[in-house]
Amino acid sequence: MARNRKKGSRKLLLVVAVVILGAVVVASMTLMTGGRSTAKPFAAPTSPVQTTDVRSSLAAFQGKVVILDFWATWCGPCRMEIPGFVSLENKYRDRGLEIVGASLDAFTHGGNPQAVAPFMKQFGINYTIFLLNSNDAMQGYDASEGIPTTYIIDRQGNIAGRYVGVRSESFFESELKRLL
């Protein structure tokens, strides 16, 4: 009987030691990371995606709400909207928002398609950029009134809004809230 008690005490001691060791490991990992998660953060794209057809390229985002923004690096008003899009992508990515910029740099006067990737880095763009190779790539979408021209597309792939000219982050956020 004394032998069984001794064996039981050893098992209990071993369990307690394992629990304490586990707590020490978790505590040290928390101290080393400053309490932050060690999960990998969302990796922002670093280069544009070449596309010949916006509509078929958007199929990758089926079931999500999409802000589709036609823009160019040389367009001042387009540049004004980018910080708002970066912010919205951060706020609503986890709720099903995808922001897609469709660069017209490859075929517009003053455009330079080689400037798009460095531009993305400079402006901290954290969303997908399509580099359109021609006006034909825009079939189904119209930016003939000027850029930026922005579309909001619902989860079913329907156009829920079209906006020509600069809009604020808060404007787009209020439009998104009813769709997300």
Problem - Gap separating the Cα centres of segment 40-105 and segment 120-180, nearest whole Å - result: 7 Å
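For K177, K64, which order do you get if you count the other beta carbons within 10 Å of each Cβ and list the fewest first? Please list the in-between numbers first.
Working: K177 10, K64 18.
Going from least to most buried by this count: K177, K64.
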Handout entry: For R93, R167, order by how many other beta-carbon atoms lie within 10 Å, fewest first
Key = R93, R167
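Here, each number is a calculation from the coordinates, and none is a lab measurement. Since we're looking at a predicted model, the values are computed, not measured. Here Cβ is always computed from backbone atoms with ideal geometry, including for glycine, and neighbour counts include all displayed protein chains.
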